[in-house]
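Beneath this line is the structure, given in structure tokens, with notes to follow.
The values are calculated or read from the model by the stated rules, or taken from the named source; none is laboratory data. In this text, all values refer to a predicted model and were calculated from it rather than measured experimentally. In this analysis, Cβ positions are derived from the backbone assuming ideal geometry, glycine residues included, and neighbour counts consider all displayed protein chains.
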Amino acid sequence: MQRMKRATRDRGAVAVWVAILMVPLLIAAALAIDISAAHADRQRLQHGADAAALAVAQQCSVTPCTDATADAVAQELAESNEPLGGAPTANADLDAGWVEVQNSSDREYWFAPVLGVDDAAISAASAASWGFPTGGSAVMPFAFSWCELAVQAGLPPIRNDAGAIVGIQIPEAGVTRTVLASKKADSGCTGPSGNVVPGGFGWLEPTEGCGDTVTDIDSWAPSDPGNAPPNGCSPTDFSKWVGQTILLPVFDVATGNGNNAEYRIFGYIAFRLEAYYFAGQYVTPERPCDGSERCLRGTFLRYADTASDFDHSPTGPQMGASVVELRLPEER
């Protein structure tokens, strides 16, 4: 009988302990569940902001865009990454060569109201820059003459109000052309030798290996003479670039001859390589020129490069190519 009396006195003890622990349990739930949910929402807002910044920068780098267009793109991508807590609001702030995206949303808490906190405003920001390439490493050690591009590819120069050339016009749809070595092109762009410089086809001296030729605008790049690609290059190097869009230097002035020749780099153009014939094994199955001609064929296009090591500036030479880079908002 004594044992039964003790059991009777213990009756209800669990309910008391549950009542005592309920508040800390709810606090723990608020910390573990509500804060985790808010963190997940912020991650989705960040994904939407990053995607929008890159998308707006890519669009603005190749075609004119407005604040309204940028806001629409940002809102669309914010909604594609909509947080679970509530509908997002996006805003894009445009500047020259720069866009900053702000995404925001409200998260209604499930357990935090016991602490007097019903909801929270969540936000994320991202930015991207774009501009025309001003220097970097080209994978193919070759430079076009802007004069040859105007004559052979039908790409006229862009001139400013003072008449100075500031770029090359690239149609929105791109232009596919076969560009012959200047000696065979009879374009009127060359000197008495038939080449831009005697013995020069447009090959540059690679900085390191065949796929790394570093140049900068307004600087002089040394020439590698002859019809064949430079020493250190192989047919495999060129075949792997077929079908790829690459940034290639364009020069406006050349001087010297042979190994002493130099090209002054004017800017960079986006070129999707399709076929070529230079000499010996440097030929694609579809040979784009005949006989003693040397040539390459591809498409000159408007192109936003998001995986490039090229430096860029919104005031660089305009040749259809642009470089887009995801940035931190405070970097502006």
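Quick one: would you say Phe278 is at pLDDT 85 or above and closer than 27 Å to Ala173 by Cβ?
Numbers: at pLDDT 85 or above: yes; closer than 27 Å to Ala173 by Cβ: no.
In short, no.
Which of the residues belonging to the range 254-277 are more than 18 Å from Asp224 (Cβ to Cβ) and among the hydrophobic types (A, V, I, L, M, F, W, C)?
Across the range 254-277, the qualifying residues are Phe266, Ile269, Ala270, Phe271, Leu273, Ala275.
Restricting to the range 246-261, count the residues that are in contact (Cβ under 8 Å) with a residue 60 or more places away in the chain and either of a type outside the set (A, V, I, L, M, F, W, C) or not assigned by TED's automatic domain parsing to the domain that holds Val175 (or both).
Pass one, the range 246-261, residues in contact (Cβ under 8 Å) with a residue 60 or more places away in the chain: 246-252, 254, 257-258, 261.
Filter once more, so that each one left must be either of a type outside the set (A, V, I, L, M, F, W, C) or not assigned by TED's automatic domain parsing to the domain that holds Val175 (or both): 249, 252, 257-258.
Number of matching residues: 4.
Name the pairs whose Cβ atoms lie under 8 Å apart, with the first residue in the range 133-153 and free of Cβ contacts under 8 Å to residues at least 60 places away in the same chain, the second hydrophobic (A, V, I, L, M, F, W, C) and assigned to a strand (DSSP E or B), and 6 or more positions between them or separate chains?
So the pair list comes out as Glu148/Val179; Ala150/Ile168; Gln152/Val179; Gln152/Leu180.
Residues checked against (1) buried (at least 19 other Cβ atoms within 10 Å of the Cβ); (2) of a type in the set (S, T, N, Q); (3) farther than 14 Å from Ala321 by Cβ; (4) not assigned by TED's automatic domain parsing to the domain that holds Arg302:
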site	(1), (2), (3), (4)
Phe142	yes, no, yes, no
Ser145	yes, yes, yes, no
Ile158	no, no, no, no
Gln169	no, yes, no, no
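So, in the range 313-324, of the ones that are within 10 Å of Thr134 (Cα to Cα) and buried (at least 24 other Cβ atoms within 10 Å of the Cβ), which residue ends up nearest to the chain's Cα centre (by Cα)?
Step by step, filter the range 313-324, then rank; the result is Val323.
Of all residues in the range 67-105, which are of a type in the set (A, V, I, L, M), in a strand (DSSP E or B) and either within 24 Å of Ala37 (Cβ to Cβ) or without any contact (Cβ under 8 Å) to a residue 12 or more places away in the chain (or both)? Before the answer, list the steps.
Of the residues in the range 67-105, the ones of a type in the set (A, V, I, L, M) are 68, 70, 72-74, 77-78, 84, 87, 90, 92, 94, 96, 99, 101.
Applying the additional criterion that residues be in a strand (DSSP E or B) yields 90, 92, 94, 99, 101.
If the condition is that a residue be of a type in the set (A, V, I, L, M), in a strand (DSSP E or B) and either within 24 Å of Ala37 (Cβ to Cβ) or without any contact (Cβ under 8 Å) to a residue 12 or more places away in the chain (or both), then Ala90, Val101 are the ones that fit.
Starting from the range 280-293, take each residue that is within 15 Å of Asp237 (Cα to Cα) and list its partners that are assigned to a loop (DSSP other than H, G, I, E, B) and not β-branched (Val, Ile, Thr), counting only C-beta distances under 8 angstrom and pairs at least six apart or across chains.
So the pair list comes out as Gly280/Ala228; Tyr282/Ala228; Tyr282/Pro229.
Does the range 220-271 hold any residues that are crowded, with 23+ Cβ neighbours inside 10 Å and part of a loop (DSSP other than H, G, I, E, B), and which are they?
Asp224, Pro229, Ala261
May I ask you to say which residue of Ala13, Ala53, Ala30 is at pLDDT 95 or above and out of contact with any Lys or Arg (no Cβ under 6 Å at 6 or more places or on another chain)?
Working: Ala13 fails: at pLDDT 95 or above; Ala30 fails: at pLDDT 95 or above.
Only one candidate qualifies: Ala53.
Would you please name the residue that is farthest from Val56 (Cα to Cα), looking only at residues in the range 311-332 that are among the aliphatic types (A, V, I, L, M) and outside any strand (DSSP E or B)?
Just the residues of the range 311-332 that are among the aliphatic types (A, V, I, L, M), to begin with: 319, 321, 323-324, 326, 328.
Still in the running and outside any strand (DSSP E or B): 319, 328.
Details: Met319: 19, Leu328: 15 Å.
If we take residues in the range 311-332 being among the aliphatic types (A, V, I, L, M) and outside any strand (DSSP E or B), then Met319 is farthest from Val56 (Cα to Cα).
Would you mention how many residues in the range 289-310 are part of a loop (DSSP other than H, G, I, E, B) and among the hydroxyl-bearing types (Ser, Thr, Tyr)? If you could, list the steps in order and put the result at the bottom.
We begin by selecting, within the range 289-310, every residue part of a loop (DSSP other than H, G, I, E, B); these are 289-294, 301-302, 306-310.
Right, trim to among the hydroxyl-bearing types (Ser, Thr, Tyr) and you get 292, 306, 308.
The qualifying residues number 3.
Across the range 171-196, what is the number of residues that are modelled with pLDDT of 90 or more, within 30 Å of Asn231 (Cβ to Cβ) and surrounded by fewer than 17 Cβ atoms within 10 Å (Cβ to Cβ)?
So the answer is 0.
Just need a number here: residues in the range 207-242 that are in contact with a helix residue (DSSP H, G or I) (Cβ under 9 Å, 6 or more places away or on another chain), modelled with pLDDT of 85 or more and under 17 Å from Leu273 (Cα atoms).
2
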